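The values are calculated or read from the model by the stated rules, or taken from the named source; none is laboratory data. Bear in mind that the values here come from a model prediction, so they are computed numbers and not experimental data. So basically every Cβ, Gly included, is an ideal-geometry build from the backbone, and we count neighbours across all protein chains shown.
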Amino acid sequence: MTTFIIRHGQTDWNAEYRLQGQQDIPLNELGRRQATGNGLSLRRLADDLSAYQFVCSPLYRARETMERVRVAAGLDPGGYTIDQRLKEISFGDWEGWTNAEIALTTPEKIEEREARKWDFVPPGEHAESYEILSWRVGSWLKELDRPTVAICHGGVIRCIFKLTGTLDKSDAARLDIPQDKLLKYADGRLEWV
């Protein structure tokens with residue numbers, strides 16, 4: 001069973017290195033091109049797209065990416081479902097801020113996060129660590145029972161690397177997640193394609 005996992009295309013906040021978390025930020029022009037390019041790649045790499053289920057984070061940047069991927073792959077843009085478990089990690093009060101801005105007011109929190117990034121919970125109601133996020137991502141992974149295309153977020157993909165045993169938690173938390181490649185999960189292995 002093959003699963004293709006795709007990070008949403010770039011947003012202006014990505015370009016500015018702002019912590020987006022669960023804020024509903026739209027794609028920018030580069031992000032739209034990345035989504036279309038990923039759809040063309042999917043069309044080339046997947047054997048029979050009609051056999052795949054398509055599932056997406058509820059956040060707008062992921063849904064816009066999904067619809068552009070599907071159109072570029074020759075599919076109806078609306079043929080997908082939403083799964084709340086694929087929503088990005090919540091950065092709590094830090095959403096919308098850059099690390100540099102946070103460091104101006106609470107440098108000790110940035111140092112604490114860097115020292116234990118996987119388990120660190122930012123300040124604010126509903127904030128999550130990668131460990132907390134991995135609980136819902138793990139639940140989703142366990143339910144995969146057919147070929148799937150999923151559009152989600154960098155934090156979710158970091159959790160997938162940890163949950164599949166591909167990386168330890170420290171390396172997974174620091175992994176750079178591209179927005180212009182597909183992550184293929186098949187036979188227990190992850191690879192960028």
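Condition (residue is among the charged types (D, E, K, R) and assigned to a strand (DSSP E or B)) applied to the range 9-23: is it met by at least one residue? Let's see the steps before the verdict.
First, pick out the residues of the range 9-23 that are among the charged types (D, E, K, R): 12, 16, 18.
Applying the additional criterion that residues be assigned to a strand (DSSP E or B) yields 18.
Yes.
Looking at the range 50-80 only, could you name the residues that are of a type in the set (Ser, Thr, Tyr) and part of a helix (DSSP H, G or I)?
Hits for the range 50-80 are Ser50, Tyr60, Thr65.
In the range 92-148, how many are within 30 Å of Lys184 (Cβ to Cβ), aromatic (Phe, Trp, Tyr) and part of a loop (DSSP other than H, G, I, E, B)?
The initial filter retains those residues of the range 92-148 that are within 30 Å of Lys184 (Cβ to Cβ), namely 117-120, 128-148.
Now drop any that are not aromatic (Phe, Trp, Tyr), which leaves 118, 120, 130, 135, 140.
From what's left, part of a loop (DSSP other than H, G, I, E, B): 118, 120.
Final tally of qualifying residues: 2.
Out of Glu131, Glu64, report the one residue that is closer than 22 Å to Leu163 by Cβ and within 20 Å of the chain's Cα centre (by Cα).
The match here is Glu131.
With respect to Val137, is the statement that it is in contact with a strand residue (DSSP E or B) (Cβ under 9 Å, 6 or more places away or on another chain) and either surrounded by 14 or more Cβ atoms within 10 Å (Cβ to Cβ) or at pLDDT below 95 (or both) true?
Working: in contact with a strand residue (DSSP E or B) (Cβ under 9 Å, 6 or more places away or on another chain): yes; either surrounded by 14 or more Cβ atoms within 10 Å (Cβ to Cβ) or at pLDDT below 95 (or both): yes.
Yes, satisfied.
Looking at Leu49, Leu40, Leu30, Leu104, which one is surrounded by fewer than 21 Cβ atoms within 10 Å (Cβ to Cβ), among the hydrophobic types (A, V, I, L, M, F, W, C) and closer than 28 Å to Asp171 by Cβ? Break it down into steps so the answer makes sense when it comes.
Details: Leu49 fails: closer than 28 Å to Asp171 by Cβ; Leu40 fails: closer than 28 Å to Asp171 by Cβ; Leu104 fails: closer than 28 Å to Asp171 by Cβ.
Unique residue meeting the criteria: Leu30.
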